[in-house]
Amino acid sequence: MMSKKIMLSLLAGLAATLLTLQSGFAKELVVEKGVIDKDTTWSGDILVKGDVEVAKEATLIIMPGTTVRFAKIEAFGPDKRYTDKDNHFSRAEIFVLGKLYAQGTKEKKIVFTSAEEKPAPGDWGAINFNGSIDNLIEYCELMYAQTAVHCHSSQIVVVNNTFKHNGTAIGSKNLPDVPVRCSMPVLYNLVTENGGGIIVGGGTASPVAHNEISGNEFFGVYVKKGGRAAIRFNNINKNGKGVIFYATKEAMLQDNNIADNENYNISMLEGQADDIVARNNWWGTTDEKKIMEKVMDKGREETLGKVDLTDFYAAPVSGAGLH
C-alpha cells in the first residue's frame, strides 16, 4: 500500500501542475464598448472591442506585464461611443476623463497593440486624455494606433516608453472649453518607425527631452499652432523631416543631435512667419553651407521666418537621447 507521505507528495505535485496549466490558459478579459465608472485594475490579457471611457470619478490602473489588444472596429461604427471627429479617433480608444496609471517596469512592460493577425498602423485609435490630470504612462510599448497617446487639455507624464508602427506616436492640443491646459513631459522614449513622431500643438506646453526619435516616415517633432515646446537633448535622426514648425512663436530647440533627416533637418511650413532660435545643436557637420542645405526657412522662401543656427556645436551632444 502506498505510504501516506508518498500520497501527499503526489497530490502536491498534481496540484502544482494544475495551477501551472490553469495560469497558462488564463482567459483573456474582453472589454466591450462602455464606461469605467469606478476604480478598476487591469492585468493579464485584455481585449478591447470598442470605445472605453474612464469616467471623471474613476481611475484605471494597468499592472506591469499586461497586454492590451484592440480589435479593429468599424470606423465610427456601432462600437464607437463618440462621433466627434475633431476630438476623437475613428477606431477604438481609451478615453480618459478620470485618471490612468499605466506603469510597467523594465522587466514587465505594458503592451498596447492591435488584435489583428496582420496588424497595421491605425488598427486602433488612441489613449485619448480629455481634461484629465495626474496621469502616467511609463515602461509601455505602444504599437499600431492612429495616435498612440493624445493629450487634450490634460496633464500626463510619458516616460521610458517605446512607440512603434503608429500613424503618429504622440499628439497634443488644448481645447477652448476645458480649463485644464495640456502639460505633457515626453522623456526618455524611443519613437521610431511611425508615420509621424511627436506633435506639440494647439497652445500646449511639452518638454521633449532625452528621446531617441528616428526612422519616422514624415517627421520627428512637429510644433504647430501656438505649441510651446522645449526640445532638448534628443537624437532626431533619419526621419522624413527632423523638426517642423508651423504658426508658432515660442519654441526652444537646443542641445540636440539633429542630422541625416531625409528632406530637411529643420523645416518651416507656409504660415510660419516668425523666426525660430535653434542655437547650440549638432547638425552632423561643421560646414555651415551643408547645414543650411538641410534647412527650409527665409533663405529659400521669402514668406517664412528665419532659423537662427548660430553657435552650432562642433561635435555630437554627449548625453543626448536615452541617457
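The values are calculated or read from the model by the stated rules, or taken from the named source; none is laboratory data. Because the structure is predicted, anything quoted here is derived from the model rather than measured. Here Cβ is always computed from backbone atoms with ideal geometry, including for glycine, and neighbour counts include all displayed protein chains.
Being at pLDDT below 95 and in contact with a strand residue (DSSP E or B) (Cβ under 8 Å, 6 or more places away or on another chain) is the filter here; which residues of region 82-110 pass it? Across region 82-110, the qualifying residues are Tyr82, Asn87, His88.
Yes or no, residue by residue, for (1) more than 30 Å from Gln155 (Cβ to Cβ); (2) of a type outside the set (A, V, I, L, M, F, W, C); (3) at pLDDT below 95:
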| residue | (1), (2), (3) |
| --- | --- |
| Gly220 | no, yes, no |
| Ala230 | no, no, yes |
| Thr248 | no, yes, yes |
| Asn257 | no, yes, no |
| Leu304 | yes, no, no |
| Pro316 | yes, yes, no |
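If you check Phe163, Phe95 for being within 13 Å of the chain's Cα centre (by Cα) and not in a loop (DSSP other than H, G, I, E, B), only one passes: Phe163.
Restricting region 68-102 to residues that are touching a residue at least 40 places away in the same chain (Cβ under 8 Å) and of a type in the set (Phe, Trp, Tyr), the residue that is nearest to Glu32 (Cα to Cα) is Phe70. Among the residues of region 165-201, those identified as of a type in the set (D, E, K, R) and either touching a Gly at 6+ places or on another chain (Cβ under 7 Å) or under 19 Å from Lys241 (Cβ atoms) (or both) are Lys173, Glu193. Of the residues making up region 98-130, those that are over 17 Å from His152 (Cα atoms) and in a loop (DSSP other than H, G, I, E, B) number 15. Thr17 passes every criterion in (1) at pLDDT 95 or above; (2) more than 19 Å from Ala148 (Cβ to Cβ); (3) hydroxyl-bearing (Ser, Thr, Tyr) apart from (1). For region 234-289, taking the residues that are small (Gly, Ala, Ser) and assigned to a strand (DSSP E or B), the one that is nearest to the chain's Cα centre (by Cα) is identified as Gly242.
Considering only residues that are closer than 17 Å to Leu269 by Cβ and either of a type in the set (Asp, Glu) or touching a residue at least 40 places away in the same chain (Cβ under 8 Å) (or both), look in region 225-241 and name the one that is surrounded by the most Cβ atoms within 10 Å (Cβ to Cβ). For region 225-241, the residue satisfying everything is Asn239.
Of all residues in region 50-70, those satisfying the criterion of being part of a loop (DSSP other than H, G, I, E, B) and either crowded, with 18+ Cβ neighbours inside 10 Å or not assigned by TED's automatic domain parsing to the domain that holds Gly125 (or both) are Gly50, Asp51, Ala58, Thr66. Restricted to region 150-162, and to residues that are in contact with a Cys (Cβ under 9 Å, 6 or more places away or on another chain) and buried (at least 24 other Cβ atoms within 10 Å of the Cβ), which residue is farthest from Ala247 (Cα to Cα)? Filtering first and then ranking leaves Asn161.
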